[in-house]
1. Apply 1/(1 + (r/R0)^6) to the Cβ-Cβ distance of B:Arg69 and A:Ile5, taking R0 = 25 Å, and write down the FRET efficiency to the nearest 0.05.
2. For the stretch B:51-136, state which GluC sites (Glu not before Pro) are in a DSSP loop and have at most 15 other beta carbons lying within 10 Å of their beta carbon.
3. If R₀ is 25 angstrom, what is the calculated FRET efficiency for the pair A:Phe67 and A:Lys104, using the beta carbon separation as r and rounding to 0.05?
4. Obtain the nm distance between the two label points defined at B:Leu15 and A:Ile21 by a simple spin-label model: each point lies 7 Å from its Cα along the Cα-to-C-beta direction.
5. Quick one: Karplus J couplings for the stretch A:158-168, per residue in order, coefficients 6.51, -1.76, 1.60, θ = phi - 60°, nearest Hz, x for Gly and Pro?
6. Provide, in order from the shortest bin, the percent of all Cα-Cα pairs of the stretch A:27-108 in each 5 Å bin, continuing until the bin that contains the maximum pair distance.
7. Would you mind getting me the FRET efficiency between B:Ile124 and A:Tyr166? Use the beta-carbon distance for r and R0 = 41 Å, nearest 0.05.
8. Return the subset of B:Lys84/B:Lys125; A:Lys143/B:Lys113; A:Lys79/A:Lys143; A:Lys104/B:Lys113 for which the Cα-Cα distance in this structure is over 28 Å, preserving the input order.
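Just so it is clear, none of the values below were taken in a lab; they were calculated from the coordinates. Every value quoted in this text rests on a predicted model; they were computed, and no experiment measured them. Heads up, the Cβs are rebuilt from the backbone with ideal geometry, glycines too, and the neighbour counts pull from every protein chain shown.
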Amino acid sequence: MNFIIPLIVLLIVFYGFFKRIDIYDSFIAGVKEGLEMTLKIFPTIFALNLAVQVLLKSHILDYGMAFLKVPFAFFSFPKELLPLAIMRPISGSSSLILMSDVFKNYGVDSYLGRVASLMQGSTDTTIYIIGLYFSSVGIRKIKYSLIVGLLADLMAILLSLFIVSYWFY
Amino acid sequence: MIQYIFGLFLIIGILFSLFTANIGAINTCLLETGQVALEMVFHLLPLLCLWLGVMKIAEDSGLLQKMARGLSRLIGPIFPELDKDDISLSYIASNIMMNILGLGNAATPFGLKAMEELNRHNLIKKTATRSMITLLVINTASVTLIPTTVISMRTYYGSTSPTEIVVPCMVATFLSCAFGLILDRIFAYLWK
């Protein structure tokens, strides 16, 4: 996979040369755009990170988990994976830690370890991505995006359970 | 919507730790998480500069517009609002490609640039367009061929076969993304 990025850069620079444009000027203009974009998204990253960390450090989710165990147990959802399933759309780094906890406590190659791997690998941090992308262009009305994103996450989590059951056992 | 998430997370977090006598942790958290945000931005800054620099060459030389026309046939049906030679299609395609290849770090600059291009044609400012939401659904589903972080963690914890999850993971991520895109279509028609 190491050759993909250099190849893309080579192709674009070569094409620019071929078309006789001032590639250096263009590149510098782009870098400047990158700098401006970073400044523009910093407040968003700062704010979202702060809110998520305060919620996590209050440990309210640990208590919330206790209530959610009942409905989830009804659908025979393994309670060991509940923290990971809830954290996945909220915080990427926390869900990574929760996945390693599952590996440590129940084994990497166990049923739970495999499902945790799939949960972590098959979706991304929905709340962070929605916050970052929309704020970067100043969108305030995000319409149905969060609902669709979270429903797709739920689907990924349920699929992880089913696929591991059929694939490995 | 985001303002509610932001407000609720902070209010619930602080009130709950007051009641559970855990306010010390929140105090440190408030003062120290800025550092984490700074590290994230420092990590993103050089990547944004590199990719927006390279892509500017592609844009000025006309390569990007050419690519957009070629790719519009491929991803156009997912983004029916966009014209065939809209350069935001190039950025969207690059964003999806980088995600699929597992180069998540390179995907973000293209995604953000695509949002900027999409916002250029946005008639109702500050309101998400249909194409923006579709782009986000694809990104939150994290369509990737090889989940590199998960594989390295599995190796670290002594799995006998760290890569055995690659194919099932691919199935899960593609199916959930397809589900997300179908939902996105349905909501686009129902949401008024």
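1. Numbers: r = 24 Å, r/R0 = 0.95.
Computed FRET efficiency for B:Arg69 and A:Ile5: 0.55.
2. Values: sites: B:Glu59, B:Glu81, B:Glu116, B:Glu117; in loops: B:Glu81.
Hits after loop and neighbour filter: B:Glu81.
3. Working: r = 26 Å, r/R0 = 1.03.
The pair A:Phe67/A:Lys104 has a calculated efficiency of 0.45.
4. Those two pseudo-labels are separated by 5.4 nm.
5. Once θ is set to phi - 60°, the couplings for the stretch A:158-168 become 5, 4, 4, 4, 5, 5, 5, 4, 7, 6, 9 Hz.
6. 3, 12, 17, 17, 15, 10, 8, 7, 6, 4, 2, 0
7. Numbers: r = 45 Å, r/R0 = 1.10.
Efficiency computed from Cβ-Cβ geometry: 0.35.
8. Table pairs above 28 Å Cα-Cα are A:Lys79/A:Lys143; A:Lys104/B:Lys113.
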